[in-house]
Amino acid sequence: MSSRNVRLKPTERKAATVLYGALFGAAEAWRYGERDAGKLREMMTRFIVAEPMARIDYVSVADTDTLWRRSKDV
């Protein structure tokens, strides 16, 4: 846990896990064969916006070898 997280209220700390959940979900989808960057971004976006306390600046998917973005960012 980040040292900044100790400053969060319990409800904020719970809401902060949404990022991990979105990343974990996308990683699982990738593991099971999803290769469409747009679909992965859409899945992460839907997961994050379901948390009322979350605000998205951007969602991006990159190639794991080159770190080049895959397709257009949301």
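The values are calculated or read from the model by the stated rules, or taken from the named source; none is laboratory data. It should be emphasised that the depicted structure is a prediction, and the values quoted were computed from it without experimental measurement. Ideal geometry is used to build each Cβ from the backbone, glycine not excepted, and the neighbour counts take in all protein chains shown. For accessibility, only protein heavy atoms count, side chains too; no ligands or nucleic acids. Shrake-Rupley method; radii C 1.70, N 1.55, O 1.52, S 1.80 Å.
Miscellaneous remarks
- Helices (runs of 4 or more DSSP H) fully within region 1-56 that include at least 3 residues being surrounded by 11 or more Cβ atoms within 10 Å (Cβ to Cβ) and at pLDDT 90 or above: 18-31, 37-49.
- In region 38-60, the residues that are free of Cβ contacts under 8 Å to residues at least 12 places away in the same chain and closer than 15 Å to E28 by Cα: K39
- Considering region 57-71, and only residues there that are open to solvent by 100 Å² or more (accessible area, probe 1.4 Å) and within 26 Å of T11 (Cα to Cα), the residue that is nearest to the chain's Cα centre (by Cα) turns out to be Y58.
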